[in-house]
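Below: the structure, in structure tokens.
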Amino acid sequence: MEFPKRPNFKELEQRISDFWSKEKIYKFQPNSKKPVYSIDTPPPTISGNLHIGHAFSYSHAEFIARYRRMRGYNVYYPFGYDNNGLATEKLTEKTHNVNAKNMPRQKFVELCLETSRRFEKEYERVFKRMGLSCDWDECYRTIEPRVQRISQASFIRLYEKGRVYRKLAPTIWCPKCETAIAQVELKDKEKESTFNYILFELEDGTKLEIATTRPELLASCCAVFVHPDDERYKHLIGKKAKVPLFDFYVPIMADHRVDPKKGTGIVMFCTFGDLTDVEWFKAYNFEPRISIARDGTMNELAGKYKGLTVKQAREAIINDLKEKGLLVKQVPIKHTVNVHERCNTEIEFLLTKQWFIKYLDLKEEFIKAGREIKWWPEHMRVRYENWVNGLQWDWCISRQRYFGVPFPVWYCKRCGREVLADYEQLPVDPLKDKPNKKCSCGSTEFEPEKDVLDTWPTSALTPLINAGWDKGTEHKRFKMLYPMSLRPNAHDIITFWDFNTIVMGLFHTGRPPFKNIMISGHGLDPHGQKMSKSKGNVVLPLDVMEKYSADALRWWAASVKLGEDLNFREEDLQAGIRHATKLWNTARFASMHIKSKPKKPKKLNVIDRWLLAELNEVIKGCTQAFEHYEYSKAKMLAEHFFWNIFCDYYIEMIKHRLYSGKEKSSALWTLYNALLIQLKLFAPIIPFITEEIYQILFREYERDKSIHISSWPEPKKEWRDSKALKLGRIAMECIAALRKWKKLRNMSLAEEVESVTLTHPNTGDVEKVRSEVEKTMRIKRLILKEGREVLAE
């Protein structure tokens, strides 16, 4: 096959991608006897266009998939789409300029499905263009009927175990999205605010100064707390205080949770300003006073402030306090507030009826399970354990939204009892379907559950979804795939996906759901900032691949250690192009000499033995690096060898043999094998260019249809050669000194020289490679001289 002068990256990458697809190179073989390596691929959330950060993280798992396949594993590498949650709803509303509240529910659900399908196609196009070696026949969606059946079965089993309950309780609430959310969906945001020092009044008219950042909650005040050991206020315990502006009295009580050094040391307890308020509500069984509605506006309890947003009410109340002389002072502060990670809206705590999974009693088991899994890098486990130790809420799994997996639940109209679907009915939609049985009270009249499951109780089942849990844990497929070999994801979803999946794995199988967790960092913009549309710093992977290539993008993604963030720099993409071009040119040079598969000669030249000894160490190092998920180290080792040893020295040192014929067979055999091995070492990271070179130069002589299903190189005992290693490195030293000598004299490296004196501390060994050095540097006579340094003169 003719070797083109230069590679057309765009053309060859599309052609190679089509070849992989047509030949089903990455097809999982369920009947194969090879050991299985199963990957729990993170299903991207259908929330908008993919950016370079997605390409960065997904590349890392892809490197490992390709490596494991070449190591002889039957790799199960599926793909999925997480398309049943709030993110997809918001995308649909934005894309079609609609509001879910203002249209029929079913019509909105259909619109969400249509939007999801459109973006799925775009995601697939991006990931295939990147060269993801997934088995695209093994694809699932978290909203598809089969997955809904598994998710609903999971809910019913947890209900039967007493792990699921429904309760009216303080709930973390997003006013913008108008839904309950879980603790894991919170993120911290530093915000400027003010401590407002407000005057309450005792029954005898004595003023009481209380500092608060949330005066808009005065209508929700239920009590005033002081610390029981605070001598300043002990005399107030048991008395009552009048709430300013609203003129009702609340009790003054003592509690150890009060910080005497914060504000005035007196705390206004409301339902609900923060988590401490929730704790007091539960501890003292207060009657709630809720003044904030589900949409984030003030309700009837707020009186004249009804209809105002929280922010507007805060300003209005502060103004009224000032007018009445009830505001002593305001102190500017910076404090951390919780916001919803989806929309950055400050959350509220509202009293709502929600479904929860009970798990706070199992923290030790979750820690133990986390320690049974190998974390790569290991320090990422600390994030997981910190999260588990910091859990304060059971898992709220219900959402007041429209597009999601329905709860398989109805409520009896007569007695209010919960009635769950039978397993045979699943998947079920209570809005359309009826239960197969009567209520225990005999009634056949039911109200459907209108809430939907949050996406995470379903996404947390991906190992079970992939392994076919719905067919039973004794099924061949389940035993083959579960627990999964690898869970790869970025560090931002350790608390979301990893933790919740471990929870579900323990609940349903009693085992951790995977053996290894591989945590990648984030791909950032050139200034180290996280990419977002609002910042205008999003880099699209298709644009990058169009300008450079998929291999160049992957080369960039492999440039940093696992777990570390990486700034996007075009210089790194350019380096990827340079490397691929150098690899191409080197292979093209080799193709001029390789006309058939070379036979190994009885004796190898010392320079060939040296190269193989060096290559042996590189094979060993790259293999160890990939085994420890250190793809960047494997890349670095292979890259250093290719540029600094193979191209800079070895190729130049064998040219005279390739052209002259003397010991040509030794050089040709070594060149063939060394180049093929290097292609294999690079193949997991830059799969397109390595496949193209393999098909042109090696496919005719090797039995494997694709380089990506060929065997990974193994270090060879017979290639270990310390003497050749020493002599080859001495030859490199000599050549480097002679190149410097020629350069200082503005001589071409190809220019012939009559004689040069070379000083070296070990002339005896130089003598053994003198001929190779002379022919490489075109020196007729090399005069050797003993000395401390390696110098040519």
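The values are calculated or read from the model by the stated rules, or taken from the named source; none is laboratory data. Quick caveat: nothing in here was measured; it's all calculated off a predicted structure. Cβ: placed from backbone, ideal geometry, glycine included. Neighbour counts: every protein chain shown. SASA here: full protein model, heavy atoms, side chains in, ligands and nucleic acids out. Shrake-Rupley method; radii C 1.70, N 1.55, O 1.52, S 1.80 Å.
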### Message
Just checking, does the stretch 197-207 include any residue being in contact with a helix residue (DSSP H, G or I) (Cβ under 9 Å, 6 or more places away or on another chain), charged (D, E, K, R) and not in a strand (DSSP E or B)?
### Response
no
Do the conditions hold for Val109, that is, is it of a type in the set (Val, Ile, Thr), part of a helix (DSSP H, G or I), in contact (Cβ under 8 Å) with a residue 12 or more places away in the chain and out of contact with any helix residue (DSSP H, G or I) (no Cβ under 7 Å at 6 or more places or on another chain)? yes
Note on Tyr140: of the conditions (1) among the aromatic types (Phe, Trp, Tyr); (2) crowded, with 22+ Cβ neighbours inside 10 Å; (3) part of a strand (DSSP E or B), unmet is (2)
Those residues of the stretch 524-557 which are assigned to a loop (DSSP other than H, G, I, E, B), among the small types (Gly, Ala, Ser) and under 17 Å from the mean Cα position of the chain (by Cα) amount to Ser532
Selection from the stretch 298-310 of residues buried (at least 18 other Cβ atoms within 10 Å of the Cβ) and part of a strand (DSSP E or B) yields Met298
**OP:** Looking only at the stretch 173-193, decide whether some residue is within 30 Å of Val36 (Cα to Cα) and either modelled with pLDDT of 95 or more or not charged (D, E, K, R) (or both).
**Re:** no
Phe499 vs. criteria out of contact with any strand residue (DSSP E or B) (no Cβ under 8 Å at 6 or more places or on another chain), in contact (Cβ under 8 Å) with a residue 60 or more places away in the chain and either under 26 Å from Leu562 (Cβ atoms) or not in a strand (DSSP E or B) (or both): yes
Of Arg342, Arg414, the only residue that is of a type in the set (Lys, Arg), in contact with a helix residue (DSSP H, G or I) (Cβ under 7 Å, 6 or more places away or on another chain) and assigned to a loop (DSSP other than H, G, I, E, B) is Arg342
Those residues of the stretch 628-674 that are under 24 Å from Tyr26 (Cα atoms) and crowded, with 19+ Cβ neighbours inside 10 Å come to a total of 6
Gln330 vs (1) of a type outside the set (Val, Ile, Thr); (2) buried (at least 18 other Cβ atoms within 10 Å of the Cβ); (3) assigned to a strand (DSSP E or B); (4) at pLDDT 95 or above: all pass except (2)
- If we scan the stretch 179-193, do we find a residue that is under 14 Å from Ile317 (Cβ atoms) and open to solvent by less than 50 Å² (accessible area, probe 1.4 Å)? no
Listed by first then second residue, the pairs whose first member lies in the stretch 282-309 and is touching a residue at least 12 places away in the same chain (Cβ under 8 Å) and closer than 20 Å to Leu168 by Cα, whose partner is aliphatic (A, V, I, L, M) and open to solvent by 50 Å² or more (accessible area, probe 1.4 Å), with beta carbons under 6 Å and at least 6 positions apart or on separate chains, are Ser291/Leu301
With the first residue restricted to the stretch 151-165 and required to be among the basic types (Lys, Arg), and the second required to be in a helix (DSSP H, G or I), Cβ contacts under 7 Å at 6 or more apart or on different chains are Arg157/His508; Arg163/Phe507
Exception for Arg71 within (1) open to solvent by less than 50 Å² (accessible area, probe 1.4 Å); (2) within 22 Å of Arg487 (Cβ to Cβ) falls at (1)
Looking across the stretch 284-297 at residues that are within 40 Å of the chain's Cα centre (by Cα) and open to solvent by 60 Å² or more (accessible area, probe 1.4 Å), the single one that is farthest from Cys270 (Cα to Cα) is Asp295
When the stretch 490-535 is checked residue by residue, the ones that are open to solvent by 10 Å² or more (accessible area, probe 1.4 Å), over 16 Å from Asn466 (Cα atoms) and hydroxyl-bearing (Ser, Thr, Tyr) are Thr495, Ser532, Ser534
Would a scan of the stretch 612-627 turn up a residue that is assigned to a helix (DSSP H, G or I), in contact with a Cys (Cβ under 6 Å, 6 or more places away or on another chain) and buried (at least 22 other Cβ atoms within 10 Å of the Cβ)? no
Legend entry - Test: residue in the stretch 704-724 that is in a strand (DSSP E or B), over 30 Å from Gly72 (Cβ atoms) and either open to solvent by 40 Å² or more (accessible area, probe 1.4 Å) or at pLDDT 95 or above (or both): no
Considering only strands (runs of 3 or more DSSP E) wholly within the stretch 31-89, the ones with at least 2 residues that are under 13 Å from the mean Cα position of the chain (by Cα) and at pLDDT 95 or above are none
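To keep it simple, each residue is scored yes or no on (1) among the small types (Gly, Ala, Ser); (2) at pLDDT 95 or above; (3) at positive phi; (4) assigned to a helix (DSSP H, G or I).
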residue	(1), (2), (3), (4)
His235	no, yes, no, yes
Gly238	yes, yes, yes, no
Ile252	no, yes, no, no
Phe269	no, yes, no, no
Being of a type in the set (Lys, Arg), part of a helix (DSSP H, G or I) and crowded, with 16+ Cβ neighbours inside 10 Å: is that true of Arg314 here?
yes
Log entry, pairs with first residue in the stretch 772-793 being farther than 22 Å from Ala724 by Cβ, second being open to solvent by 100 Å² or more (accessible area, probe 1.4 Å) and assigned to a helix (DSSP H, G or I), beta carbons closer than 8 Å, six or more apart or on different chains, reads Ala792/Lys740
Checked pairs for the stretch 604-616, first closer than 11 Å to Leu671 by Cα, second hydroxyl-bearing (Ser, Thr, Tyr) and open to solvent by less than 20 Å² (accessible area, probe 1.4 Å), C-beta under 8 Å and 6 or more apart or across chains, list as Asp608/Ser666; Asp608/Thr670; Leu611/Tyr650; Leu611/Thr670; Leu612/Thr670
